Structure formats: structure tokens, C-alpha cells
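For reference, the structure is listed below as C-alpha cells.
Only the coordinates and a few stated rules stand behind these numbers; no lab work does. Small disclaimer: the values here were computed from a predicted structure and weren't measured. No Cβ is skipped: glycine too gets one built from the backbone with ideal geometry, and neighbour counts run over all protein chains shown.
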Amino acid sequence: MKIVVWIEFTSGKVKASSLETLGSARLLAESASGEVIGVCCGEGAGEVSTTILSAGAHRIIVREGDSLANAHSDAFATELSQVATSESADLVLASATSSGKELIALAAGGLGTCVASDCISISCEDDSLITERPIYAGKAHHRQKWITSPAFISLRPNYGEQVERDAATVDSQEATGKSVLKRTAFVEGSRGKKELTEAEIIISGGRGLKEPQNFALLESLADVLDAAVGASRAVVDAGWRPHSDQVGQTGKTVSPKLYIAVGISGAIQHLAGMSSSRTIVAINKDAGAPIFSVATYGVVGDLFEVIPRLEEELKSVLQ
């Protein structure tokens with residue numbers, strides 16, 4: 001089995017979710033006598049590849065060139081589909097980040113094959129590839145047996161594991177993909193702000209916080225836990241937080257090790273984006289709030305009393 005893995009990087013740093021995808025690919029390859037081929041494309045790809053030599057790939061293909069300067073996703077999708085074809089790949093993987101899901105879909109479309117997005121597991125059973133992904137807002141899991149090749153699949157962040165193996169070999173190639181669109185500007189987000197889809201701990205707030213200034217309570221707690229701060233759709237619609245902070249069906253789907261929902265009732269739209277979290281803690285004064293139906297632990301109480309007390313206790317333990 002040949003497995004091609006798309007390596008996503010920003011400002012010279014590989015995303016943790018891509019390292020997890022590489023790890024998942026290597027573990028699958030070891031169970032199926034396969035080979036893992038990492039693909040790094042774009043400006044600085046060669047330098048980036050040297051930082052992931054032992055992250056699970058047997059080989060790393062680096063593609064750089066003028067054609068990728070300020071290119072849109074379609075050019076990178078062309079590079080990925082070309083590698084998948086030239087390597088006769090059985091499986092193509094990417095992390096299910098917003099750009100990863102776009103890229104894998106474009107590459108699959110270019111080769112006229114299908115794609116499974118946001119999977120939480122991938123395995124080989126009786127020489128068949130099996131994937132699993134949440135459906136119906138996380139209320140059920142869909143297991144799928146693949147009969148097409150190559151299979152294009154994106155894996156949900158925080159569900160894989162990083163590995164360390166012998167150093168890969170690097171093959172540098174000239175990029176050939178050309179983009180119909182070109183980026184004219186790049187707007188950088190807040191410096192130092194944790195990416196929701198990669199955070200191991202997320203603290204999200206809802207309308208129960210009463211006003212946007214009270215998100216300072218969550219920001220302070222997040223500093224103690226080294227967590228990211230998210231928000232419900234109601235909060236984003238009200239203009240309290242940017243859309244990039246939204247967790248839910250029309251926002252970001254997250255799967256952190258710990259998700260703390262503060263003042264969030266738990267509408268189905270929100271549950272769809274976070275119900276696959278490993279541990280869920282809900283803090284709400286309404287004991288009948290739907291969020292408690294998916295919570296691992298629930299605290300019925302006034303968040304304005306609970307959060308400061310929780311921060312105080314955590315500081316005494318962690319600091």
C-alpha cells in the first residue's frame with residue numbers, strides 16, 4: 001500500500017495536525033506493509049521538509065517553483081494529484097483543517113474519484129481500507145469500506161498520534177501546477193492566538209456570558225490552561241467574537257482532549273462541532289440545558305462564580 005500525505009505548513013512551521021496525519025499513515029503502513037510519502041509544496045517547502053524527516057514518512061517529495069508563488073489551492077491540488085498519480089498511490093491523506101479539506105476535495109475532483117472528509121479513524125481489514133467518521137451531528141458513526149483507488153481522505157485533528165521513525169529521504173522536484181487565481185494580499189490573524197482545530201484544550205463561551213467584555217474571564221482561564229478560546233454561533237452572530245472563533249456546524253469542528261463549554265445551552269448546531277471531544281465539561285445555570293446530554297462532567301451553577309473559583313484552584317495546582 002502506498003500512502004501519500006499532504007504536509008500543511010505556515011510561516012515555516014508544520015501544523016501539528018499534519019504530523020498526526022503522518023503518524024496515522026505510518027502506523028497504517030506498518031500494519032499493511034506499506035510506504036508513506038510526504039508531500040511538501042510551496043515557498044520554503046525544502047527547508048520545512050528537514051524538520052519532519054523523522055515524523056513517519058519513508059520519503060518526502062518537495063515541490064517548489066515560481067508557479068506556486070501566491071497561488072490558490074487549485075495549484076497545490078494539482079501538485080498533490082500529480083504525485084498521487086506518479087506514485088500510483090492507494091491512499092491520499094490530509095489533515096481536516098479548512099485548507100486541508102478544500103485541497104483534498106479539489107485533488108480528488110481532478111482525478112474523478114471520491115473523498116471522505118473529517119474521518120476519525122482509518123484501518124486496513126482483510127486487505128480493505130475502512131474509514132469511520134461522525135454523522136448526524138455526532139449522534140452516529142459511519143464506517144465505510146473503500147473500493148476505489150486512490151482513496152482521498154481527510155483526518156480530523158487530535159485523533160491521530162505523532163510518531164518518530166528513521167529519517168526519510170528527500171526528493172526535490174520542480175512545481176508545475178498553475179493557479180487560475182492569485183492571492184493579492186495575505187491578512188495575518190492575531191499573533192500568538194491558538195488555532196482552534198489544533199488546540200488540545202478549548203474553552204468556549206455562549207450568551208450566558210451576558211456581554212462581550214466578560215470573555216475576559218475565559219481568556220484568563222485559557223492562559224492558565226494554555227487553551228484556545230472558542231464561541232457559540234449566537235455569540236458570533238451578535239458580533240461579540242470573530243467568525244474564526246465559532247465552533248459548530250457552520251463554524252469549526254473540533255476534537256480537543258478537553259472542551260469546556262461555558263454559558264452555552266447546547267443547540268444541535270453547536271454539538272455538531274464539538275461532541276467528538278475526548279472530555280467535555282459543561283458549566284451552565286440551567287440544569288436542563290442540552291449541553292449536559294453530551295457532557296462528561298457537568299457543573300450547574302453561576303459561571304461568574306464558577307470560573308473565577310476554577311481558575312484559582314487550577315493556579316494552585318499548575319503554577
> Rounded to the nearest 5, what is the percent of antiparallel bridges among the DSSP beta bridges in the stretch 2-174?
Replying inline: 30
> chymotrypsin sites (Phe, Trp or Tyr not before Pro) within the stretch 1-80: which are DSSP loop residues with at most 14 other Cβ atoms inside 10 Å?
Replying inline: none
> Cross-link list K2/K252; K101/K285; K257/K315: which exceed 27 angstrom alpha carbon to alpha carbon?
Replying inline: K2/K252; K101/K285
>> So for the stretch 1-40, considering every pair of alpha-carbon atoms, how many percent are separated by more than 11 Å?
In response: 58
> Using the eigenvalues of the Cα gyration tensor, what equivalent ellipsoid semi-axes result for the stretch 41-104 when each is taken as the square root of five times the eigenvalue, whole Å, largest first?
Replying inline: 17, 16, 13
> Can you give the three extents of the C-alpha atoms in the stretch 196-318 along their principal axes, from longest to shortest, in whole Å?
Replying inline: 37, 31, 28
> I60's amide H: which non-local residues (gap 5+, or another chain) put their own amide H closer than 5 Å, with H modeled 1.01 Å from N in plane and none for Pro or chain starts?
Replying inline: G38, T169, V170, D171
>> Per residue, how big is the convex hull of the stretch 2-174 when only Cα atoms are used? Give it in Å³.
In response: 106
> How much length is gained on full extension from R165 to T250, taking 0.36 nm per residue of separation minus their Cα-Cα distance?
Replying inline: 26.8 nm
> How far, in degrees from 0 to 90, does helix 215-225 lean away from the longest principal axis of the Cα atoms of the chain, to the nearest 10?
Replying inline: 60
>> What do you get for trypsin sites (Lys or Arg not before Pro) in the stretch 106-170 restricted to DSSP loop and a cutoff of at most 14 other Cβ within 10 Å of the site's Cβ?
In response: K139
> How many times 2.2 N^0.38 Å is the alpha carbon radius of gyration of the chain?
Replying inline: 1.05
>> What does DSSP give for the chain in terms of the percent of beta bridges that are antiparallel, rounded to the nearest 5?
In response: 25
>> Can you order the peptides 247-253, 217-223 by their average number of other Cβ atoms within 10 Å per residue, highest first?
In response: 247-253, 217-223
> To the nearest 10 degrees, how steep is helix 98-110 against the longest Cα principal axis of the chain, on a 0 to 90 scale?
Replying inline: 30
>> For K15, K194, which order do you get if you count the other beta carbons within 10 Å of each Cβ and list the fewest first?
In response: K194, K15
>> Strictly greater than 16 Å: what percent of every Cα pair in the stretch 237-305 meets that?
In response: 45
>> Under the 0.36 nm per residue contour assumption, what length would be gained going from the current alpha-carbon distance of Y136 and T148 to full extension?
In response: 1.9 nm
